[in-house]
Amino acid sequence: ILTKPIGTGIIISARRVDLCDEELNYYRELKHSKRKREWLSVRILLKKMLGKYSRIFYDKAGNPFIEEDLQISVTHSKNIIGVILSHKKATGIDSEIMSDRILRTATKFISDEEIKNFPKGSEIEYSYLHWCGKETLFTKQ
């Protein structure tokens, strides 16, 4: 697993990755700078992890895959990106920037019984642990 903060002040160059023409055109057509930064940062991070560039493809369900004999999952949230690779099993990763806003929707993915058992004062953290855990589990199903 490798996660990396991506700063808005850092210029991320497509030259740092060996993008094919199709990928370079896709990158250039992305409208928002935040999305461009995320998309390219994931590829730079994957290249760093593998020691070489590997193109990321997507299946019909939108799940990423690479040609190497590895399972891959990708996450991005605000200025954090993460990539996890596995040799054997399907894998998932999720990252979130924590805020108290999660408490408004927690009952949609956590039972009242589970919430009741959260330690007092840790409701935000435990809500995110549940959310990220469930996201990770369901990513590859």
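The values are calculated or read from the model by the stated rules, or taken from the named source; none is laboratory data. A quick note: this is a predicted structure, and the numbers were derived from the prediction, not measured. Note that each Cβ is placed from the backbone with ideal geometry, even for glycine, and that neighbours are counted across all protein chains shown. SASA here: full protein model, heavy atoms, side chains in, ligands and nucleic acids out. Shrake-Rupley method; radii C 1.70, N 1.55, O 1.52, S 1.80 Å.
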Phi-derived 3J(HN,Hα) across the stretch 82-99 with the Karplus relation (6.51, -1.76, 1.60, θ = phi - 60°), rounded Hz, x for Gly and Pro, is x, 9, 10, 10, 9, 7, 10, 10, 4, 9, x, 8, 8, 9, 9, 8, 7, 8
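Counting helices only, and only those DSSP H runs with n ≥ 4, report the 222 nm mean residue ellipticity of the chain as the sum of -39,500 (n - 2.57) divided by its residues, in deg cm²/dmol to the nearest 500. Each step should come with its number before you reach the end.
Numbers: 5 runs with 53 residues, N = 141.
My calculation for the chain gives -11000 deg cm²/dmol from helical runs alone.
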Please list 97-104, 73-80, 46-53 highest first by mean number of surrounding beta-carbon atoms within 10 Å per residue. 73-80, 46-53, 97-104
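Subtract the Cα-Cα distance of Ser33 and Leu50 from 0.36 nm times their separation in residues, and report this length gain in nm to one decimal. Don't skip to the answer; put the middle values down first.
Numbers: separation 17, 0.36 × 17 = 6.12 nm, distance 2.57 nm.
Residue separation times 0.36 nm, minus the Cα-Cα distance, leaves 3.5 nm.
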Would you please put 58-70, 17-29 in order of how densely packed they are, using the mean number of other Cβ atoms within 10 angstrom per residue and starting with the highest? 17-29, 58-70
Mean accessible area per residue over the chain (1.4 angstrom probe, all protein chains present, square angstrom) is 67 Å²
Working from Cα positions, state the angle (0 to 90°, nearest 10) between the long axis of helix 123-139 and the longest principal axis of the chain. 50 degrees
Would you mind computing, in nm to one decimal, how far apart the modelled labels at Phe138 and Asn79 are, each placed 7 Å from Cα along Cα→Cβ? 3.0 nm
